[in-house]
1. Through the Karplus equation 6.51 cos²θ - 1.76 cosθ + 1.60, θ set to phi - 60°, convert the phi angles of the range 33-45 into ³J(HN,Hα) values in whole Hz; use x for Gly and Pro.
2. Candidates (1) 50, 18, 13; (2) 33, 20, 17; (3) 42, 18, 14; which is the computed semi-axes √(5λ) of the Cα gyration tensor in Å?
3. Order of 127-136, 62-71 by packing, highest average Cβ count within 10 Å first?
4. Give me, ordered by chain and number, the residues 5 or more places off S216 or on other chains with an amide H under 5 Å from its own placed amide H.
5. Working from Cα positions, state the angle (0 to 90°, nearest 10) between the long axis of helix 2-15 and the longest principal axis of the chain.
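Values in this text are rule-based calculations from the coordinates and carry no lab data. Fair warning: this is a prediction, and the values are worked out from it, not measured in the lab. Here the Cβ positions follow ideal geometry from the backbone for every residue, glycine too, while neighbour counts run over all protein chains shown.
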Amino acid sequence: MLFGLAFVNTNAQQKTLLNLGDFDEKKIHFGFSLGVNTSSFIMESDLSKSDSLIRLEVLPQSGFNLGIVTDLHLGPLFDLRFIPTLSFGERRLEYTFLENTGKPSTVLSKAVESTYLDFPLNLKYRSIRYNNFAAYFVGGFMYSYDLISQKDVINAKSNIAETVIKLDNSNINYQIGVGFDFFLEYFKFSPELKMSYGVNNLIINDNTILSDPITSLRSKIFLLSFTFEG
């Protein structure tokens, strides 16, 4: 009987054994982040600026992210996180033009590709750690610079197939998200869901048939990321 009680007691202690027990005592943590994103636009348009355009839609597309994590521990529940990230994304704008009477409409799909250097600064609020698990909220701002922006391209207005939709190469976003910390034996693993919403209007109107109907384009990005911190 005594042996049985000792076994139960030992087993209970093993179940509550903490991984990385001194993790929160460190002031700064480093790591890396891998993620997938779905990029889109919040668009405002005025179709009356084109005689033949009858529909304009945004088609979200998928991409991926690679980041380096720097986490400053501010206290038991708060962290300041800086995660410089290389982000690959694409969005599509689908234009539907009405042809002359008796002819079907024409659909033109234009890809808008971006490779961003992202500089997010987020404040993380974490729950009290329960064994090897904690939940958290995160929010803040992010500055993005598009490395492959075509804002300086000169469009030939006579060739709609080669016309480029020009966007500003700088963007500011506000972010909000949730995540979970799992304290494993050798590192902390954190899946995170985050939304980014652009503040500034990205469209550069150069008086082409593709840019004229667009009054505002602001970025909208959904990000699922996985961070690894030691």
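1. Those phi angles translate into 9, 10, x, 10, 10, 10, 9, 8, 10, 9, 10, 10, 9 Hz.
2. (1)
3. Ranking, from highest mean packing down: 62-71, 127-136.
4. E44
5. Tilt of helix 2-15: around 30 degrees.
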